[in-house]
1. Quick check on R21: is it under 24 Å from the mean Cα position of the chain (by Cα), under 22 Å from L131 (Cα atoms) and among the charged types (D, E, K, R)?
2. Filter the strands (runs of 3 or more DSSP E) completely within the stretch 57-144 down to those with at least 1 residues that are closer than 24 Å to G191 by Cβ and in contact (Cβ under 8 Å) with a residue 40 or more places away in the chain.
3. Of the residues L182, L192, only one is part of a strand (DSSP E or B) and at pLDDT 95 or above; which?
4. Going residue by residue through the stretch 75-85, is there one that turns out to be of a type in the set (D, E), at pLDDT 95 or above, closer than 23 Å to T130 by Cβ and buried (at least 17 other Cβ atoms within 10 Å of the Cβ)?
5. Could you give me the residue pairs with C-beta distances under 9 Å whose first residue belongs to the stretch 36-51 and is touching a residue at least 60 places away in the same chain (Cβ under 8 Å), whose second residue is aromatic (F, W, Y) wherever it lies, and which are 6+ apart or on separate chains?
6. Starting from the stretch 208-219, keep only residues that are under 13 Å from G42 (Cβ atoms), then list their pairs with residues that are of a type in the set (D, E, K, R) and outside any helix (DSSP H, G or I) whose Cβ atoms are within a distance under 9 Å, requiring at least 6 positions of separation or different chains.
7. When residues of the stretch 89-114 are filtered for being small (G, A, S) and either more than 19 Å from the chain's Cα centre (by Cα) or surrounded by fewer than 18 Cβ atoms within 10 Å (Cβ to Cβ) (or both), how many remain?
8. Please specify each residue of the stretch 1-55 satisfying the condition of being part of a helix (DSSP H, G or I) and surrounded by fewer than 16 Cβ atoms within 10 Å (Cβ to Cβ).
Amino acid sequence: MDPTSLFSYERHIDSRSLQGRTLLVTLGAFSDAGSAQAVVDGHLLNSLPSRVVGRLDMDQVYDYAGRRPEVTLELDHFEDYERPEILLHEVTDIDGEQFFLLTGPEPSFQWERVATALRIVVDQLGIERTLLLQSFPAPVPHTRELPVTRFAGNPDSISVRRTMPGTFRLRAPFTALLTMRLADAGHEVVGLVAHVPQYLHEIAYPDAAMALLRAVGEEAGPTVPYGALESQAEPVRRSIAAQVEAAPQLQEMVASLEKQFDRAITAGAGEEVPTGEDLAAEFEQYLAGLDESGDDRDREQPEQPGRPTDADGRPDDEPGEDTPEGPTPA
């Protein structure tokens with residue numbers, strides 16, 4: 001099947017007029033822990049000038065029955081159908097430079113064809129560097145700076161050397177295939193993965209989005225502001241701190257994670273630290289539980305209190321989004 005028929009530019013767009021050296025990709029993968037991808041998308045598209053310039057034909061690549069979109073039944077009629085879309089946006093950073101942002105759910109079908117279609121787009125637009133932004137639940141404490149590990153088609157493309165602590169065999173997300181296919185074609189591609197505290201992965205956690213945007217800057221990406229995210233993050237931090245302070249079990253768990261985290265980062269100081277196999281085993285426990293849709297909630301979980309709330313007692317979720325009740329700190 002012809003991959004060039006899968007992606008189309010908007011009717012009013014002349015692709016020859018588009019320019020930008022960087023592509024940011026926030027397509028769904030295992031999970032969107034802490035809603036990091038969703039927060040990044042909302043922040044970039046709401047705080048910077050942008051426009052949609054192209055899209056994939058979702059009817060060919062999306063499993064509607066497996067991941068049913070939502071629609072509102074208003075008494076006797078339907079409205080507000082949430083059509084799934086994979087969109088290519090042209091965005092202008094604070095320095096006036098254009099870059100591209102690819103948003104949407106993970107494609108369900110025709111991965112090789114989608115990867116080829118996107119490789120053709122990268123070729124056509126002259127994109128020099130592709131950065132993939134992801135997050136997953138990990139055994140890290142919220143009281144420390146969130147780690148952002150890297151992977152790449154060519155490891156020499158990574159500017160800040162911070163990799164996973166071992167070798168893993170896992171079910172592939174589409175972004176893994178996209179990384180390999182872009183690299184096969186000679187393109188620079190780097191993946192950025194924010195490690196979100198596993199007891200917070202079901203809430204909107206702006207600190208994870210900020211960690212990814214800082215890593216974008218470290219990896220020669222566009223210049224993007226995130227002061228607005230800081231204002232969103234502070235109430236969430238206060239709410240989490242209050243819940244931890246009120247629950248001795250949470251305090252014990254966080255203290256244990258802090259100790260493990262601190263021991264790991266002092267490895268170069270000659271102290272006794274967990275081995276690479278020990279650290280890999282910790283991450284393996286979380287990676288192994290993530291299913292193809294990114295939903296790990298079927299695994300047995302410790303008892304969990306409610307999600308952090310704001311000053312009015314409402315769930316402190318991403319602004320403007322109705323989300324079902326769900327656990328937060330474990």
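1. Yes; evaluated as a whole, the condition is true for this residue.
2. Here the list reads 87-92, 98-103, 129-138.
3. It is L192.
4. no
5. Listed pairs, sorted by first residue: A36/Y205; V39/Y205; H43/Y226; S47/Y226.
6. Qualifying pairs under 9 Å: none.
7. Total meeting the criteria: 1.
8. T4, S5, S15, R16, S17, N46 - these are the residues of the stretch 1-55 that are part of a helix (DSSP H, G or I) and surrounded by fewer than 16 Cβ atoms within 10 Å (Cβ to Cβ).
The values are calculated or read from the model by the stated rules, or taken from the named source; none is laboratory data. Worth saying up front: this structure is predicted, and the values here are computed from it rather than measured. Note that each Cβ is placed from the backbone with ideal geometry, even for glycine, and that neighbours are counted across all protein chains shown.
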